[in-house]
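*Asks:* Take a look at the following structure, please.
The values are calculated or read from the model by the stated rules, or taken from the named source; none is laboratory data. For clarity, every value in this text was computed on a predicted model and none was experimentally measured. Cβ: placed from backbone, ideal geometry, glycine included. Neighbour counts: every protein chain shown.
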Amino acid sequence: MKLEMVVESIKKIVVFVKLYFKTNILFMTFVISSVINASILRFVTVKNYFDIRPVIADLAVVLIIGAMGYFIKAKHQFRYYFTWSIIFTLLCLINSIYYTNFLSYVSVSLLETSLQVLGVTDAVVENVMELKDFCYIWQIIVMLFVHNKLKKRGYYDYVAKIEKGKIRALNTLVVGLICIGMFISTLTSTDISRLNKQWNREYLVMRFGAYTYQFNDLVATLRASINPLFGYDEHAKAFREYYEAKDNHQVENQYTNTLKGMNVIAIHAESIQQFVLDTEFNGEPVAPNLKRLASEGLYFSNFYAQESVGTSSDSEFTYNTSLMPASSGTVFVSYFDREYVTIPKLLKEQGYYTFSMHGNNGSFWNRLSAHKSLGYDKFYNYRTDFEIDETIGLGLSDQSFFRQAVPKIKEISSNYNNFYGLLIMLTNHTPFSDIEGHTDYEVNYKYQVLNEETGEMEERVAPYMEGTKLGNYFKSVHYADEALGQLLADLDREGLLENTAIVIYGDHDAKLKKSEYRRFYNYIPETDSVRASDDPAYQEVDYYSYELNRKVPFIIWTKNKNLKGEVTKVMGMYDVLPTLGNMMGFTSPYALGHDIFNIDENVVVFPDGNWLTDKMYYNRSNDSGKLLNPQDTVSVEYMEKYTEIADKTISISNSIIVYDLIQKTRETQKLLGQE
């Protein structure tokens, strides 16, 4: 009797399962295709193949969203599931494209800056979009195909007769909640903390799945919008305690006041990386002028940008303020109207006239408003202040830009005792292909071979980097370097270098993929081929070598003062203000960086929580690091110390930005009569 009951129960279960699958084809197509697409995104970006946890997280999200579809009549459910399929497909496609270019995942807050893409359409099409980025579209095609098949079979009419929407919705929600419970049981306190902070997007996608990350990012973005209304006291308290414990005393050193009273021309060198200074083709340096300036001035050879999604604008912000980029959105767009202590403002207190110039539209990255907020008296920009006689890429060519900038600087010099100016270069902006026709620099490989018939040596030419993105980058850098050399010659001819310091910083790396370097490091000219990965001489570009190679040049050069030498200590963009400030006689009480000449061991904190010292690079995504010198050793306490510093630095900086704490502090001090 019991056996018959068991058999009968099994039969009922089989019938139920068959009926469920038969009447939930559209729903299951939506769930399976959505989860597969999220998995594909992880596979092609972070190579996360075997971790089941993000799959469970994505499944939970899709099930909960899918459950809501059961509240809709069967004949209208396709619209709901198809709409969400489009949303999920776009999320995967956009994140795939963004990761290809920036090695990170897109944030909802970037919608505020989405119009910036219109200004770099060529870069998006040529340098970013790849065939693999469109593999996610299959979900939309499958959904349409299944829908048409079901419609022809009268599926929706059949389902409408037997489906109890509320019950199915409830059951699906229960399954989704079970998945959430299973996933939560695998989380650690560190995981939860990182989800809340939202700094390391790569880690979040690897651990929480693509959809969980994206919805959490939406919450974080909305939270950032209303944060100024809530939580102020907590963040203000942490801010006060941080700066009360911080030693802001300016210690004099051999460089103190060496530039005091001098004019300054700072040059924002677009996408120029440090390694190009040591690169040459056929004996011809890629960047001879930068190399000369580095040898004649103060050259900081381990200098790193600290930009986030705001790229160039983030570097401008960090350079000017010694603060980190915003954790959500970009300062120039979302938080430009806050109060910041900046290099231009500090120099204006010394009587300097401050200005900035750029060969692009003033609206790009909201620079017209942001530069005014940073303290520049005037922002000279594309169309309104320059004659558009030659364009390359995104705007006015660097050579034309510099040529037209010199007479403007001369006029400023004649009207003001001291000036500080920022010149933002542009031509070397990705995708670099527009440089053809503007430079004759060759990136091929020339070598000599013996002609056995004549007995004489003959020159052979192998293409090497010609026709590659990295090759175009080298040509573009060479053009930019020539423009820089001409600028200095023109400034010198006009007598503008006599009491002027030139400050040059690379704003960020070239955003080229690791694969672009394979040919560069492993080329065999005699056969015009690339070494195989199993060749003993093959040079691999792994995660750490790529990250460490992202450093950019930082040079302080003067014509007459004997400021010369290489500084090898690691340094970040946020160290510029305190270092330059010590040389010029100003200081910011809110600087997060350090005077590089007054610190024994510096740490460069990156916006994703990674950090770098002279001993190691630490990857926050997987809590592991690489020693820069294999003979060195570091303790667990060492890593914990700098991880804590990184967390605190990012947190304090973000609080200053979001809650406008500098302005609030000044208002409080004024009320208390402390100013």
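*Asks:* The conditions are (1) over 23 Å from residue 491 (Cα atoms); (2) under 22 Å from the mean Cα position of the chain (by Cα), and residue 426 fails exactly one of them. Which is it?
*Replies:* Unmet condition: (1).
*Asks:* Given the residues 329, 261, 283, which is the only one that is within 28 Å of residue 645 (Cα to Cα) and of a type outside the set (S, T, N, Q)?
*Replies:* 329
*Asks:* Just give me the residues in segment 65-76 being farther than 16 Å from residue 142 by Cβ, more than 32 Å from the chain's Cα centre (by Cα) and in contact (Cβ under 8 Å) with a residue 12 or more places away in the chain, in sequence order.
*Replies:* Result: 67, 68, 69, 70, 71, 72, 73, 74, 75.
*Asks:* Just checking, does segment 571-582 include any residue being closer than 16 Å to residue 255 by Cα, touching a residue at least 60 places away in the same chain (Cβ under 8 Å) and either small (Gly, Ala, Ser) or in contact with a Leu (Cβ under 7 Å, 6 or more places away or on another chain) (or both)?
*Replies:* The answer is yes; a qualifying residue exists.
*Asks:* OK, next. Here is a check on your reading of the model: is residue 527 of a type in the set (Val, Ile, Thr) and at pLDDT below 95?
*Replies:* So residue 527 fits the description; yes.
*Asks:* Say we look at segment 191-217 and pick out the residues that are more than 15 Å from residue 107 (Cα to Cα) and surrounded by fewer than 16 Cβ atoms within 10 Å (Cβ to Cβ); which of these is modelled with the highest pLDDT?
*Replies:* In this case the residue turns out to be 192.
*Asks:* Now for a separate question. Checking residue 220 against (1) under 25 Å from residue 647 (Cα atoms); (2) of a type outside the set (Asp, Glu); (3) within 21 Å of the chain's Cα centre (by Cα); (4) modelled with pLDDT of 90 or more, only one condition comes out false. Which one?
*Replies:* (4)
*Asks:* Pairs, please: C-beta under 6 Å, at least 6 apart or cross-chain, first residue touching a residue at least 40 places away in the same chain (Cβ under 8 Å) and in segment 449-467, second part of a loop (DSSP other than H, G, I, E, B) and hydrophobic (A, V, I, L, M, F, W, C)?
*Replies:* Close Cβ pairs satisfying both conditions: 465/443.
*Asks:* For the list (1) free of Cβ contacts under 8 Å to residues at least 12 places away in the same chain; (2) within 27 Å of residue 100 (Cα to Cα); (3) small (Gly, Ala, Ser), I need the number of the one condition that residue 495 fails.
*Replies:* (2)
*Asks:* Within segment 597-604, can one find any residue that is exposed (fewer than 15 other Cβ atoms within 10 Å of the Cβ), over 24 Å from residue 296 (Cβ atoms) and either β-branched (Val, Ile, Thr) or in the same structural domain as residue 329 (by TED's automatic domain parsing) (or both)?
*Replies:* Yes: one or more hits.
*Asks:* Does residue 371 qualify as being surrounded by 15 or more Cβ atoms within 10 Å (Cβ to Cβ), in the same structural domain as residue 526 (by TED's automatic domain parsing), part of a loop (DSSP other than H, G, I, E, B) and within 27 Å of the chain's Cα centre (by Cα)?
*Replies:* So residue 371 does not fit the description; no.
*Asks:* Under 7 Å between Cβ atoms, which residue pairs at least 6 apart in sequence (or on different chains) link something in segment 85-106 that is over 16 Å from residue 209 (Cα atoms) with a partner that is assigned to a helix (DSSP H, G or I) and modelled with pLDDT under 85?
*Replies:* These pairs meet every condition: 97/128; 97/133; 100/128; 100/133; 101/127; 101/128.
Residue by residue, here is whether (1) basic (Lys, Arg); (2) surrounded by 17 or more Cβ atoms within 10 Å (Cβ to Cβ); (3) within 24 Å of the chain's Cα centre (by Cα) holds:
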{"site": "235", "(1), (2), (3)": "no, yes, no"}
{"site": "243", "(1), (2), (3)": "no, no, no"}
{"site": "251", "(1), (2), (3)": "no, no, no"}
{"site": "260", "(1), (2), (3)": "yes, no, no"}
{"site": "271", "(1), (2), (3)": "no, yes, yes"}
{"site": "285", "(1), (2), (3)": "no, yes, no"}
{"site": "300", "(1), (2), (3)": "no, yes, yes"}
{"site": "305", "(1), (2), (3)": "no, yes, yes"}
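*Asks:* Return the total of residues in segment 515-537 being surrounded by 15 or more Cβ atoms within 10 Å (Cβ to Cβ) and either among the polar types (S, T, N, Q) or in contact with a Phe, Trp or Tyr (Cβ under 7 Å, 6 or more places away or on another chain) (or both).
*Replies:* Count: 5.
*Asks:* Here is a further query. Go through segment 431-470 and report how many residues are polar (S, T, N, Q) and in a helix (DSSP H, G or I).
*Replies:* 1
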